[in-house]
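Participant: First the structure, which I've put down as structure tokens, then a few questions once you've had a look.
Just so it is clear, none of the values below were taken in a lab; they were calculated from the coordinates. All figures in this text were calculated on a predicted structure; none of them were measured in a lab. Cβ atoms come from the backbone with ideal geometry, glycine included; neighbour counts cover every protein chain shown.
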Amino acid sequence: MAILPIAVWERNPYWVPELQRQLEGLGVRVATCRVEADIGLRTADGARQLVIALPPGERCPLTVIQRWVSRGLRVHVVLDPADESYRWFLFELGVTSVFDFDAARAHLARACRGLSGQPVG
């Protein structure tokens, strides 16, 4: 079964190496996106999942998230605590999962693995 790459939109490398470490041995490719335009390149390469983990104070417009969801991406958001009030808006837009940082460390790889054709558990 082919495993599709996972795109990670972040400014500073944290989640790319963390997901690579947690998904090691599963053949999952984790691709970095530094700017929104990179996401289009990664989806052209086959990515069907997007992790959005922007630094505190930098917000991704809901319309941008909605656009990626409507294009069929499974979007996971690592939410800054200051943006907690957006959690349910994100789910209403169709985001697959929303985690705070600690929950993401524990569960993000599992959420991605379950959607990449890998067994969860």
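Participant: Can you tell me the length gained on complete extension of the stretch GLU36 to ASP102, counting 0.36 nm per residue apart and subtracting the Cα distance?
Facilitator: Here the answer is 21.3 nm.
Participant: Are there GluC sites (Glu not before Pro) in region 30-121 that DSSP marks as loop and that have at most 14 other Cβ atoms within 10 Å, and which are they?
Facilitator: The qualifying sites are GLU58.
Participant: Then there's this: For region 1-55 and region 72-94, compute the distance between their C-alpha centroids and round to whole Å.
Facilitator: 17 Å
Participant: In debye, nearest 20, what is the charge dipole magnitude of the chain about its Cα centre with +1 on Lys and Arg Cβ and -1 on Asp and Glu Cβ, if you could check?
Facilitator: Dipole of the chain, to the nearest 20 debye: 400 debye.
Participant: Still on this model: Just to be sure I follow: if Rg is taken over the C-alpha atoms of region 5-89 and Rh is the Kirkwood radius over the same atoms, what is Rg/Rh?
Facilitator: 0.95
Participant: Over the chain, calculate the relative contact order: mean separation of alpha carbon pairs under 8 Å at least 6 apart, over the residue count, as a percent.
Facilitator: The value is 25 percent.
Participant: Just grab the label-to-label distance for SER85 and LEU26, each label 7 Å out from Cα along the Cβ direction, in nm (one decimal).
Facilitator: Between SER85 and LEU26, the label points sit 3.5 nm apart.
Participant: Right, next: Could you tell me which of THR32, PRO13, VAL77 has its Cα farthest along the dipole of region 6-115 towards the positive end, charges placed at Cβ (Lys, Arg +1; Asp, Glu -1), taken about the Cα centre?
Facilitator: In region 6-115, that residue is THR32.
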